[in-house]
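So the structure is just underneath, and the comments pick up after that.
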Amino acid sequence: MKRLLLAIGTLVLAFTALAQSNTAPPVSRTVSGQALKSKDTPAVRLEFDKAFKYAGGQSFVLYDVANAEQHFFVDADKEGRIKRFYWIQFEGYLPANTHTYKYTPTKVVNIGGFDFIADAYPRSLKGNLGRPDSDGNRARAFLASKGFKMAGTEILSQRLVHLVDEAKRNELMIIYIEDLGDTGLNAADLSEGGSARARWPEIAQGLLDRAQKNMKVKRR
């Protein structure tokens, strides 16, 4: 009986440790006005143009392998329809695994002394948006809970990823998203084989320029 109780106790401790390892820490970064501040991983201050209002933040365990903390600055009308917004995500793998972040950089830009892997793409929000527990779907659900939604279903997305450490186990991701509706184009037009694909390099560069113009990145 003592052995059985000892075995049960060991299992309880193991499951408790596992549950704790998969519990996201509370939101740790702070926001004051237009500035988002992080003390570590990385130590950085992000400041956004006054047109973007802070919509809040959340943290969670992503796919049971990484801690993720999201923050959002939105440019929306009185009805909560978003024309453009910044999605900032601090992410790091849990100690229980040995995963690393792997990217094949096609473009690297330096912003405020930080090197960011930069890529952009057009996208439609119609149809299947992937796993419900993805960081993207969690972001959309959070914004919806605050009364926000995209003005349209066709968007442009600029992703900027900074790998925090040499081990490549922590990253800072900044995603800048714009509604595509005013251009008269949709994501299919700008995708490979689309009718406006030849315009994509120019449009993508403009998107990157605007993403950088409306924010400042500073080391702390």
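The values are calculated or read from the model by the stated rules, or taken from the named source; none is laboratory data. Just so we're clear, the structure is a prediction, and the values are computed from it rather than from any experiment. We place every Cβ from the backbone using ideal geometry, glycine too, and count neighbours over all the protein chains shown. Keep in mind that these areas ignore ligands, DNA and RNA; they rest on the heavy atoms of the full protein, side chains included. Shrake-Rupley method; radii C 1.70, N 1.55, O 1.52, S 1.80 Å.
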Checklist entry - For the range 73-128, what % of the accessible area comes from carbon and sulfur atoms, probe 1.4 Å? => result 49 percent
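Over the chain, what relative contact order in percent results from Cα pairs under 8 Å that are six or more residues apart? Can you show the working numbers first?
Numbers: 391 pairs, mean separation 45.4, N = 220.
Over the chain, the number comes to 21 percent.
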Next on the checklist: Starting from the 7 Å offset along Cα-to-Cβ, what nm value, one decimal, do you get for the label separation of K126 and T153?
Outcome noted: 0.5 nm
Next on the checklist: Below 14 angstrom from the Cβ of A68, what's the summed charge of the other residues (Lys, Arg +1; Asp, Glu -1)?
Outcome noted: -2
Checklist outcome for this item: Candidates Y103, Y86, Y121; GNM for the chain (alpha-carbon contacts under 10 Å) flags as most fluctuating Y103
Item to check | Calculated FRET efficiency for the pair A35/D133, C-beta based, R₀ 35 Å, to 0.05 | outcome: 0.70
Checklist outcome for this item: For the chain, dividing by residue count, accessible area per residue (probe 1.4 Å) in Å² works out to 56 Å²
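Using helices alone, what [θ] at 222 nm do you get for the chain, with -39,500 (n - 2.57) per DSSP H run of 4 or more residues, divided over all residues and rounded to the nearest 500?
Numbers: 4 runs with 49 residues, N = 220.
Estimated from H runs of four or more residues: -7000 deg cm²/dmol.
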Checklist entry - For the chain, modelled as a Gaussian network with Cα springs under 10 Å, which listed residue fluctuates most, E178, E192, E91? => result E192
Checklist outcome for this item: Cβ-Cβ cut-off under 11 Å around E91, Lys and Arg +1, Asp and Glu -1: the net charge is -2
Item to check | Hits among aspartates and glutamates - C-alpha to C-alpha of K216 under 16 Å, sequence gap 8 or more where chains match | outcome: E47, D49, D115
Checklist entry - Between Y63 and E202, what length in nm is gained on full extension when 0.36 nm per residue of separation is reduced by their alpha carbon distance? => result 46.5 nm
Item to check | Distance in nm between pseudo-label sites at K50 and V27 (7 Å out along the Cβ direction from Cα) | outcome: 2.4 nm
Checklist entry - What percent does the relative contact order of the range 24-151 come to when contacts are Cα pairs within less than 8 Å and at least six residues apart? => result 19 percent
Item to check | Gain in span if fully extended, K213 to D77, counting 0.36 nm per residue against the direct Cα distance | outcome: 46.9 nm
Next on the checklist: Using a Gaussian network model on the chain with a 10 Å cutoff between Cα atoms, which of N110, N186, N128 fluctuates the most?
Outcome noted: N128
Checklist entry - Accessible area, 1.4 Å probe, largest first: how do M150, M173 sort? => result M150, M173
